[in-house]
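Visitor: Take this structure, written in structure tokens, and hold onto it; I'll ask about it next.
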Amino acid sequence: MYSGFFALVRKYGIEQAAKTAAALGFSSVELFDKAGKESFSPTLPNVQAAARAREVLHQHGLSVSCYSVATTLVAPDSTLQKNAKAIDELKAYADMTAALGAPYLHHTLVLKMPLPADAPRFDEILEPVAEAAAEVAHYCEGLGLTCLYEDQGMYFNGVENFGRFFAEMQKRCPNVGVCGDMGNTLFVDESPVPFFRAFAPHIKHVHVKDYRMIVDQQSNTASLCSKGGTLLKDTVIGQGEIDIPGCLQILREHNYKGAFALEDPFCENYADSVRAAFSLVEKHF
């Protein structure tokens, strides 16, 4: 359980959130937080709370598969300033990830979409972002954690640009892997299937999601837009246009052993959508 879980923890506490996740049939959960924001506090306040959460989740037959953090490591402007606050907070999240017993800390790199008109070129921002990410990954190495990166945003997305970034990280750090997101390549107008094919040997964790592409812009309710101008709207898994079976087939062929985290709308009929997502994964994986 990914989407909705951290909100349950914030609203009702870890005990009730764990009961809900277990009752829905999940075997693990994924926490989500933000780093580098002035007015944001983590879902779990400290390492002690994380250790307690691990105990509660274990009592309900649950583990923590991954800890995800949304952040921007380097300002996407002419300054290319490193976000020291975000890096320090990511290290604190790493401590909590270890206390939760999760193997992976996953974080974004440059969150902002769309990019400003005067944003640096990819070649300009690649090195400072890789340097900042390596600082976090080296810290995680000391905790026995692997850092994961997903196809996200306008810079570090798609087979080519993500591939260049990941190659840089592999040169710098032994403890890195890929979080395969089934939808994010649409933001750079690419299907997720080639991404999964290119990085399948390195995918340690998977975000399952779905989007609808909006054709009739007059009746558009989408708030998301690709680099090429395609409007996107998130939808219940299996009801959109993403080739989820194709991604699952690639993972099966590469003997994937990680978790499938449902990143779907926390809708009114959520239990039904969860069961449908389970069935979809089981059918094709």
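The values are calculated or read from the model by the stated rules, or taken from the named source; none is laboratory data. Since this is a predicted model, take the numbers as computed values, not measurements. When we count neighbours, we look across all protein chains shown, and the Cβ atoms used for this are built from the backbone with ideal geometry, even at glycine. In case anyone asks, the SASA skips ligands and DNA or RNA and just uses the protein heavy atoms, side chains included. Shrake-Rupley method; radii C 1.70, N 1.55, O 1.52, S 1.80 Å.
Visitor: Can you go through Ala99, Ala23, Ala75 and tell me which one is open to solvent by 10 Å² or more (accessible area, probe 1.4 Å), over 27 Å from Cys225 (Cβ atoms), without any contact (Cβ under 8 Å) to a residue 40 or more places away in the chain and hydrophobic (A, V, I, L, M, F, W, C)?
Guide: Going through Ala99, Ala23, Ala75 in turn, just one is open to solvent by 10 Å² or more (accessible area, probe 1.4 Å), over 27 Å from Cys225 (Cβ atoms), without any contact (Cβ under 8 Å) to a residue 40 or more places away in the chain and hydrophobic (A, V, I, L, M, F, W, C): Ala23.
Visitor: Pull up region 33-63, narrow it to residues that are hydroxyl-bearing (Ser, Thr, Tyr) and either over 17 Å from Pro103 (Cβ atoms) or in contact (Cβ under 8 Å) with a residue 40 or more places away in the chain (or both), then point me to the one that is most open to solvent (accessible area, probe 1.4 Å).
Guide: Ser39
Visitor: Exactly one of these conditions fails for Asp118: (1) touching a Ser or Thr at 6+ places or on another chain (Cβ under 8 Å); (2) open to solvent by 10 Å² or more (accessible area, probe 1.4 Å); (3) modelled with pLDDT of 95 or more; (4) of a type in the set (Asp, Glu). Give me its number.
Guide: So the condition that Asp118 fails would be (3).
Visitor: Considering only residues that are assigned to a loop (DSSP other than H, G, I, E, B), under 28 Å from Pro103 (Cβ atoms) and hydrophobic (A, V, I, L, M, F, W, C), which ones fall in region 228-277?
Guide: Within region 228-277, Ile237, Ile242, Ala259, Phe266 meet the criteria.
Visitor: Another question about this same structure. Check whether at least one residue in region 195-211 is of a type in the set (Asp, Glu), within 25 Å of Leu248 (Cβ to Cβ), in a loop (DSSP other than H, G, I, E, B) and open to solvent by less than 10 Å² (accessible area, probe 1.4 Å), and report yes or no.
Guide: Yes, some residue in region 195-211 is of a type in the set (Asp, Glu), within 25 Å of Leu248 (Cβ to Cβ), in a loop (DSSP other than H, G, I, E, B) and open to solvent by less than 10 Å² (accessible area, probe 1.4 Å).
Visitor: Now for a different question. Name the pairs whose Cβ atoms lie under 6 Å apart, with the first residue in region 239-257 and open to solvent by 40 Å² or more (accessible area, probe 1.4 Å), the second part of a helix (DSSP H, G or I) and modelled with pLDDT of 95 or more, and 6 or more positions between them or separate chains?
Guide: Asp243/Val193; Pro245/His284; His254/Ala200
Visitor: Just to be sure before I move on: is Lys112 at pLDDT below 95 and in contact with a Gly (Cβ under 8 Å, 6 or more places away or on another chain) in the structure I sent?
Guide: Yes.
To keep it simple, each residue is scored yes or no on (1) more than 16 Å from Asn161 (Cα to Cα); (2) in contact with a helix residue (DSSP H, G or I) (Cβ under 9 Å, 6 or more places away or on another chain); (3) not hydroxyl-bearing (Ser, Thr, Tyr).
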site	(1), (2), (3)
Leu109	no, yes, yes
Leu115	no, no, yes
Asp118	yes, no, yes
Pro128	no, no, yes
Ala133	no, yes, yes
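Visitor: Can you tell me how many residues within region 30-43 are among the aliphatic types (A, V, I, L, M) and farther than 23 Å from Asp264 by Cβ?
Guide: 1
Visitor: Which residues, taken from region 125-177, are surrounded by fewer than 22 Cβ atoms within 10 Å (Cβ to Cβ) and among the charged types (D, E, K, R)?
Guide: Of everything in region 125-177, those that are surrounded by fewer than 22 Cβ atoms within 10 Å (Cβ to Cβ) and among the charged types (D, E, K, R) turn out to be Glu127, Glu131, Glu135, Glu141, Glu160, Arg164, Glu168, Lys171, Arg172.
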